[in-house]
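The values are calculated or read from the model by the stated rules, or taken from the named source; none is laboratory data. What you see is a predicted model, and the numbers here were worked out from it, not measured in a lab. Heads up, the Cβs are rebuilt from the backbone with ideal geometry, glycines too, and the neighbour counts pull from every protein chain shown.
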Amino acid sequence: MALRAAIARPVAAAAAGVRRMSVGASQEEAISTFELWKKVGLGGIALCGVVGIYDLATDEHAHKHVWYPHEKIRTKRFPWDAKDCDLLDLHCKHEFFHGKSEDGGH
């Protein structure tokens, strides 16, 4: 019986064309809630922007790379001239083409 009543209420409301998303809320309360969440959202966007700018301004971009032997394990040579340089490893290719390294490696 309770199940039938629980199903009948939304069906009756749908038949009457009544939407019960915010039961008992007035138009003024809905507008004030909308304005509140609009301000919260814009404040969150502004906060993310400030944190992002701060992070970019204070980040150290010149990190020294520590070389580990397992980083460049090759089982097969590459098909271009610098056989041991990755496709986008411009530093390695520069060293290879200017004769600083015989095999193109580090």
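What's the total number of residues in the range 26-83 that are over 26 Å from the mean Cα position of the chain (by Cα), polar (S, T, N, Q) and surrounded by fewer than 10 Cβ atoms within 10 Å (Cβ to Cβ)?
Total meeting the criteria: 3.
Table: residues versus (1) modelled with pLDDT of 80 or more; (2) not basic (Lys, Arg).
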{"position": "Arg9", "(1), (2)": "no, no"}
{"position": "Ser22", "(1), (2)": "no, yes"}
{"position": "Thr33", "(1), (2)": "yes, yes"}
{"position": "Lys39", "(1), (2)": "yes, no"}
{"position": "Ala46", "(1), (2)": "yes, yes"}
{"position": "Asp55", "(1), (2)": "yes, yes"}
